[in-house]
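Accompanying notes for the structure given below.
Every number in this text was worked out from the coordinates using simple rules, so none of it is lab data. What you see is a predicted model; the values in this text were computed from it and never measured. Glycine gets a Cβ as well: all are built from the backbone with ideal geometry, and neighbour counts include every protein chain shown.
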Amino acid sequence: MTQGFGDRDTIYEDIDVLEADVGKYKPTDLPEREEELDKIHMALRPVTMDGSPRDILVYGPTGQGKTAGVQLKSEQLQEWANQEGVQLEVIHLPCKGADRSYHVLTRLVKELREVRKGQGVDEPSGYQRKRLFEMVLDELETIGGTVIIILDEIDAIGEDDYILYELSRANPDDVKIGIIGITNDLQFRNNLDADVRSSLGQREITFNPYNANHLQNILARRTAQALRDTHFEDGDEDFTHLKSDVLEDGTIPLTASLAAQETGDARQAIELLSYACDLADDEGVGMVGERHVRAAKEEIEREALIDTIGAETTQRKIALLTVVSAELNGATGETTALHQLYSDLCEYIDANELKQHTFREKLNDLVHSNVLSKDRHGRGRGQGMSNMYTLAGDVNPDSVLDALEDDSRVGHIVEVIGS
Ligand SMILES: Nc1ncnc2c1ncn2[C@@H]1O[C@H](COP(=O)(O)OP(=O)(O)OP(=O)(O)O)[C@@H](O)[C@H]1O
Ligand SMILES: [Mg+2]
């Protein structure tokens with residue numbers, strides 16, 4: 001019989017607090033980012049003195065609290081403005097998916113119009129970008145007061161930094177504007193036009209990766225709110241003061257150390273712990289342990305691998321399957337042997353067959369996306385060097401077969417190899 005909903009006790013008190021998406025849960029405190037938040041504060045403070053906010057560029061790798069931090073400070077400023085009756089608008093514009101300045105401009109026009117007209121304005125279409133920029137200025141002047149524009153994940157626009165160039169030089173009448181650019185792409189920051197860098201990049205705020213200690217404290221605060229019978233003793237909100245009847249002692253340290261070993265990404269740490277809690281809750285054991293964290297990590301990696309492999313081209317999938325087959329049969333992963341196998345497989349599913357050097361490129365592409373590892377070794381005296389391909393350390397043959405068994409082109413190969 002399948003489980004019924006709501007017919008069991010749960011470890012959760014407020015499950016949404018373990019959401020890593022900033023749209024779903026916003027932390028009200030980021031003590032690990034005190035210095036960075038102080039700098040954002042300093043850049044926004046002129047607003048309280050009837051001055052213009054400073055333009056800033058916020059840089060740091062993914063999951064470091066950039067969006068959460070900028071949102072927190074801008075909301076604090078908004079609260080102040082509401083109390084004081086000061087006209088302030090904060091526009092948070094996620095630029096993901098806007099691959100050119102043009103798209104950011106159309107989104108910005110829409111957002112600015114919605115300030116006056118409410119939700120549901122269409123993005124303008126069919127205009128030249130210069131005209132769109134004029135629309136932006138018109139809207140800004142109509143709104144008046146102070147407008148802060150947060151361009152989040154601004155690296156999406158690639159090399160086309162027109163919007164940043166124009167916005168950072170704009171001087172519309174009767175309105176003060178502040179631009180906050182956020183990016184996790186170092187290359188983008190370095191490639192910015194010199195003028196843009198000198199205005200935006202003059203005040204640059206860097207969010208360096210969290211270490212395991214930071215992550216433990218971040219996770220501890222989340223669980224104190226999210227889980228039942230979990231709270232801080234003595235008022236100190238750090239991990240060493242956390243008492244919990246549903247978390248084993250090693251659970252948070254293990255989660256934090258796994259995330260710290262990779263990139264110190266708080267989003268990843270929260271997602272991992274949240275998954276582990278779900279697994280434990282589902283089992284109905286009432287206690288989240290290290291084994292749940294490990295199982296969650298495996299599951300997350302398996303899903304990520306399925307996504308990566310699923311998105312590869314058919315030729316790369318076949319190339320990958322030659323390596324899987326070699327590993328399952330204890331055969332060599334040498335290029336020539338793999339190519340021989342590849343020819344057979346292509347014939348079997350009637351796929352276009354590539355020459356060995358092009359086939360090798362496919363294998364190398366897979367090395368690039370961390371699905372395969374490559375090792376160069378000597379063939380023996382005077383025989384030159386050859387490449388050996390194996391599955392990358394954390395990829396196991398069964399997961400690859402699982403990922404591809406329903407593939408319309410290579411599914412038949414999986415049947416043969418897997419049997
Ligand atoms: N110091 C912190 N305290 C509490 N939660 C944090 C902290 N830093 C980050 N988080 C949480 O981690 C997650 C990721 O943070 P955020 O989305 O701000 O990252 P980001 O730096 O903007 O990453 P990206 O470059 O991928 O957009 C969010 O759920 C956020 O609430
Ligand atoms: Mg972000």
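Let me know the whole percent of all Cα-Cα pairs from region 92-212 that are separated by more than 22 Å. It works out to 33 percent of all Cα pairs.
With a/c under 1.5 counting as rounded, go ahead and sort region 231-293 into rounded, prolate or oblate using the C-alpha gyration tensor (a ≥ b ≥ c being the square roots of the eigenvalues; past the cut-off, prolate if a/b is larger than b/c, else oblate).
Working: a/c = 2.06, a/b = 1.03, b/c = 2.00.
Taking the square roots of the gyration eigenvalues as a ≥ b ≥ c, region 231-293 is oblate.
Listed by Cβ neighbour count within 10 Å, with the fewest neighbours leading, ASP234, ASP152 appear as ASP234, ASP152. Helical runs (DSSP H, four residues minimum) scored at -39500 (n - 2.57) apiece and divided by the length of the chain put the mean residue ellipticity at 222 nm at -15500 deg cm²/dmol.
The ranking of LEU391, LEU363 from fewest to most other beta carbons within 10 Å of each one's beta carbon is LEU391, LEU363.
Gyration tensor analysis over the Cα atoms of region 312-418 returns equivalent ellipsoid semi-axes of 22, 15, 12 Å (largest first, whole Å).
Considering every Cα-Cα pair within the chain, what fraction, in whole percent, is farther apart than 27 Å?
Value for the chain (Cα pairs over 27 Å): 64 percent.
Remark: LEU93, LEU77 ranked as LEU93, LEU77, counting other beta-carbon atoms within 10 Å and listing the fewest first. Put simply, the amide H of LEU88, placed in the peptide plane, has neighbours under 5 Å in THR146, leaving out anything fewer than 5 places away on its chain.
A convex hull fitted around the alpha carbon atoms of region 193-232 yields 107 Å³ per residue. Stokes-Einstein, applied to the Kirkwood radius of region 118-167 over Cα pairs at a viscosity of 1.306 mPa s and 10 °C, places its translational diffusion at 124 µm² s⁻¹.
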